[in-house]
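The values are calculated or read from the model by the stated rules, or taken from the named source; none is laboratory data. Keep in mind that this is a model prediction, so the values were computed, not measured. Cβ: placed from backbone, ideal geometry, glycine included. Neighbour counts: every protein chain shown. For accessibility, only protein heavy atoms count, side chains too; no ligands or nucleic acids. Shrake-Rupley method; radii C 1.70, N 1.55, O 1.52, S 1.80 Å.
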Amino acid sequence: MKFLQDIFEKQKPHFEKGGKWEKYYYIFEAHYTLLFAPKDVTSKKGVQIRDAVDMKRMMMTVIIALLPTLIFGIWNVGHQHFLATGQEAATILDKFAIGAYAVLPIVIVSYATGLGIEFTFATIRRHPVNEGFLVSGMLIPLIMPATIPLWQVALATAFAVIIGKEVFGGTGMNILNVALTARAFLYFAYPGDISGDNVWTYFGDSLIGMSDPVQAFSGATPLAMAAADGISSFSNFWLSDAYTFQNMFLGVIPGSIGETSTLMALIGAAILIITGVGSWRIILSVFGGAFLMGYLFNFIYDINYTGQLGTGVKVAFLVGTIILFIVNQKFIKGELKAIIGVLAGMLIFTAVMLFSGAASEFMKVPAQFHLVMGGMAFGAVYMATDPVTASHTFQGKWIYGIMIGALTVLIRVFNPAYPEGIMLAILLMNVFAPLIDIYVVKANKKRRLSRATV
Amino acid sequence: MSTETTEVQSEVKEPKKVSEPLLSKRRKQILSDPLNEDNPITVQVLGICSALAVTVKLQPTLIMSIAVIFVIVFSNLIISLMRNLIPTRVRIIVQLAVIASLVTIVSEVLKAYSYPMYKVLGAFVGLIITNCIVMGRLEAFAMGNKPYDSLLDGFGSGFGYAWIILTVAFFRELLGSGSIFNFKVFEELGIAYQANSMMVDSVGAFIILGILIWVQRYVTGYVEN
């Protein structure tokens, strides 16, 4: 690595003040600091301690955590392709080849567009290139279907970087998650290609002479099926045992490139948590919130449909919830208070549902299926934990996470137009995160003031 | 020293007030300020609702612009003419009566001569009554200025409003429907264009308006104070 550093050192004078490429200093600096930690050391004044784990190192950790989903995604695209075209005997290498042929262009387009815009803005505005796009550029392809037209990827990336980030002042200033902004843009601008009710199995194109799908291939994602008539219809898929819990956990199902596999997302979560880059509170609370909401919906369905438990249960449920809420307000302190507070809110919502007698087929879907269907795990691990747009306080993180989980299931169950809810739930909570923080900090101040004795 | 004395002398020499030229520097400014530096939509952020609602296509937007220019110019003129007669306590209701009369005229003309357009725009034309730009100009300008100045101010604000919504409509129609004034641009050019359905939603208007504000503030160096 010494020789590489020498090359950079040799070029440095050209980019510094007075050099011939002075204008492009920040582009140079971006590449240099990406490879080598800058020589900055803790200054004599001030109490901050500078260590080598700067933003770029953190972002690289996230990319490493994303690699399992990318590799699995590439394989899965190929696997789905061969399943749909009836060539199940294909070797693993074939699958990877087809997958790479479909996926890598999307990755390249995403990075090229996004980094091009980043560098342009950095040069015009004379600020250092922000590292944020290293991760966003990888996240964007992973939440795109393999069949997405490349111009749409480029358009969405440009939109996300300019409108989602640079308008607000660059990395660290954005309100919404950049990658999700890209997907939301396509979701509303070109719903035909990405809305998530049909599967996006890559059939190939004339270039490599691909064949047509097998007879009776019916394209619908588990989420769309569950929305139509509950989980019972899973067995009607053309490949009858495709949508089992195990398959959905492993991710051997059609879907966006990186998001099908809950297992790979969990491996990524482990990397993020061990390195301290991602917040375990958010990951845990998103899963917890979704599971609880799913479970509560099962409960509502059971009572409202089978009617085995009557008004007594409903009233007891409501009273118990309100007691829980009051106890929480009075006696419970710290992070637990935030958790129980949000849970009590969910329970009150459930009580309202019970009294209103609401019921839909989707409510029957067992709670654990909500965790493995669609992009739940991917969103929880890589999107919700985005340190810029998430809540910053510990209590806030619990509220933020549980709300994302609960809203995801809520949108899935009650909104027929949007099969998947995690994207909209995270974007919504992104907007609320600063508000949550404000109230957490205010409560903190109030508590400490009340202890003050002067 | 010497300049001061000459100034005093000149003042003494001409006690009679010379009438201001028809387009003096001050009056030009009244006319041009609302077009850019003090634009009713992008700087004062008024009249957003109609900018979101009517800008899906260029044609209704053009009609809407003409209607608003008409209403704003004449209401400014009328209010300015009778500004000394209006008791302050009832001025809002007088202003509303004037605007409502003018809007009714626009609405009836539209109904008589362009019924299909009336069907598209009817509700929004009626809502010009509540357009903050019109009310704002009457309150802020016409109540305290002479008729001719008010007329100019009306034109300035009206065109300031018009060019913004026409720009928004241009991009929304081009990107959302692939056409300009219902002329299918991309089809004629032989390009297969996939319409961007976000631009048909009012979300698209927000985005275009936001970009316009961004570009404008970058160019003029406007800072909120």
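One table, with the values for the structure above:
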{"item": "Neighbour cut-off at most 12 other Cβ (10 Å), DSSP loop, trypsin sites (Lys or Arg not before Pro), the range A:325-390", "result": "A:K333"}
{"item": "Total charge dipole magnitude, the protein assembly as shown, about the Cα centre, Cβ charges on Lys, Arg, Asp, Glu only, Debye to nearest 20", "result": "2460"}
{"item": "Charge dipole (debye, nearest 20) of the range A:279-447; +1 at Cβ of Lys and Arg, -1 at Cβ of Asp and Glu", "result": "720"}
{"item": "Occluded residues from the range B:180-197, i.e. those whose accessible area drops by 30 Å² or more once the chain is not alone (1.4 Å probe)", "result": "B:Q194, B:N196, B:S197"}
{"item": "Accessible area buried at the B-A interface, both sides summed, 1.4 Å probe (Å², nearest 100)", "result": "900"}
{"item": "Rh by Kirkwood over Cα pairs, then Stokes-Einstein D for chain B at 1.002 mPa s and 20 °C, µm²/s", "result": "110"}
{"item": "Reach of B:K28 by Cα under 27 Å, taken over lysines that are not fewer than 8 positions away in the same chain", "result": "B:K16, B:K17, B:K146"}
{"item": "Unit charges at the beta carbon, dipole of chain A: most positive-side option, A:Y305, A:S356, A:I106", "result": "A:S356"}
{"item": "Nearest-10 value in Å² for the accessible area of A:S43, using the 1.4 Å probe", "result": "70"}
{"item": "Protein accessible area in the protein assembly as shown, 1.4 Å probe - carbon and sulfur %", "result": "67"}
{"item": "Average accessible area per residue (Å²) across the range A:276-399 - probe 1.4 Å, nucleic acids and ligands excluded", "result": "42"}
{"item": "Packing rank of A:158-164, A:181-187, where each peptide gets the mean count of other beta carbons within 10 Å, highest leading", "result": "A:181-187, A:158-164"}
{"item": "Order by protection proxy (mean Cβ within 10 Å, highest first), peptides A:95-107, A:68-80", "result": "A:68-80, A:95-107"}
{"item": "Violating pairs (Cα-Cα greater than 32 angstrom) within the set A:K39/A:K397; A:K95/A:K165; A:K95/A:K397; A:K314/A:K337; A:K23/B:K57", "result": "A:K39/A:K397; A:K95/A:K165; A:K95/A:K397; A:K23/B:K57"}
{"item": "Dipole axis of the protein assembly as shown (+1 Lys, Arg; -1 Asp, Glu on Cβ), positive-most option in B:L110, A:Y418, B:L81", "result": "B:L81"}
{"item": "List B:E224, B:E20, ordered by accessible area with a 1.4 Å probe, largest first", "result": "B:E224, B:E20"}
{"item": "Protection proxy ranking, peptides A:404-417, B:202-215, A:370-383, A:431-444, average beta carbon neighbours within 10 Å, highest first", "result": "A:370-383, A:404-417, B:202-215, A:431-444"}
{"item": "Amide H partners (placed H, <5 Å) of B:I180, local residues excluded", "result": "B:V185"}
{"item": "The range A:279-447 - Kirkwood radius from inverse mean 1/r over Cα pairs (Å)", "result": "16.4"}
{"item": "Estimated dipole of the range A:1-145 in Debye, rounded to 20 [Cβ of Lys and Arg +1, of Asp and Glu -1, Cα centre]", "result": "700"}
{"item": "Computed Kirkwood radius, in angstrom, where 1/r is averaged over Cα pairs of the range A:60-212", "result": "16.3"}
{"item": "Shape metrics for the range B:16-83, restricted to C-alpha atoms - Rg then Dmax, Å", "result": "15.5, 54"}
{"item": "For chain A: relative contact order, % (alpha-carbon pairs under 8 angstrom, 6 or more apart)", "result": "17"}
{"item": "Karplus (6.51, -1.76, 1.60) ³J(HN,Hα), θ = phi - 60°, over the range A:248-254, in Hz, Gly and Pro reported as x", "result": "6, 5, 6, x, 7, 10, x"}
{"item": "For the protein assembly as shown, convex hull of alpha carbons as volume per residue, Å³", "result": "308"}
